[in-house]
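Undergrad: Below you will find the structure I want to go over with you.
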Amino acid sequence: MRVEAAAASGADTAAGAARVSRSEAAAEGAMPARQAAAPLLARALHEVLADDLRDQILDHRLPPGTPIDELRLARHYGVSRTPVREALKLLCHEGLLSNQLRRGTTVTVLGEDEIDEARALHELLLAHRRHVLPARPAVWGRFAESLLHLVERRLRLGCGPSVSCSDAVRERRG
């Protein structure tokens, strides 16, 4: 599978729209009117790779403990090793991958204590959101939402995409 980054250019204009050519604008001493264009959505290749790998990790298609082969990934995506390396660094920074000296990179394995901690934080954030959001929506902002999203990703890493984390922790404790 070859990864190709696409950007929306927004160069098309509406038919029949009045345009001022550059030469006319220069002759009149005015700048040409700029028409609204769609924003550019160009992304770095390593970000595209990281998104795909992140999805695979969180869906457990790459389960915890799986070794990550940089060269195999580069071949799979049809890219050089550099964007793969950058994507792996990003995922290590997010805690989804663990890099061990002389052992390589693996999908992070969370222990019971880490899952318990993430579950407790998740419950706290949800309770806070239920309490704060109806009364003062401005207080529950983007930061709180991104923190909740981060904790939910951690739980998906530890418990899997389709398992309730509270059930998973109870089962381990038996």
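Undergrad: Specify which of the listed residues (62, 58, 41, 49) is modelled with pLDDT under 75 and within 18 Å of the chain's Cα centre (by Cα). Even if it seems obvious, please write down each step before you answer.
TA: Values: 62 fails: modelled with pLDDT under 75; 58 fails: modelled with pLDDT under 75; 49 fails: modelled with pLDDT under 75.
Going through 62, 58, 41, 49 in turn, just one is modelled with pLDDT under 75 and within 18 Å of the chain's Cα centre (by Cα): 41.
Rundown of residues vs (1) among the aliphatic types (A, V, I, L, M); (2) touching a Ser or Thr at 6+ places or on another chain (Cβ under 9 Å); (3) more than 20 Å from residue 88 (Cα to Cα); (4) free of Cβ contacts under 8 Å to residues at least 60 places away in the same chain, yes/no style:
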site: 107; (1), (2), (3), (4): yes, yes, no, yes
site: 110; (1), (2), (3), (4): yes, no, no, yes
site: 120; (1), (2), (3), (4): yes, no, yes, yes
site: 123; (1), (2), (3), (4): no, yes, yes, yes
site: 128; (1), (2), (3), (4): no, no, yes, yes
site: 133; (1), (2), (3), (4): yes, no, yes, yes
site: 141; (1), (2), (3), (4): no, no, yes, yes
site: 154; (1), (2), (3), (4): no, no, no, yes
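The values are calculated or read from the model by the stated rules, or taken from the named source; none is laboratory data. Everything numeric here is computed off the predicted structure, so don't read it as measured data. Note that we place each Cβ from the backbone using ideal geometry, even for glycine, and neighbour counts take in every protein chain shown.
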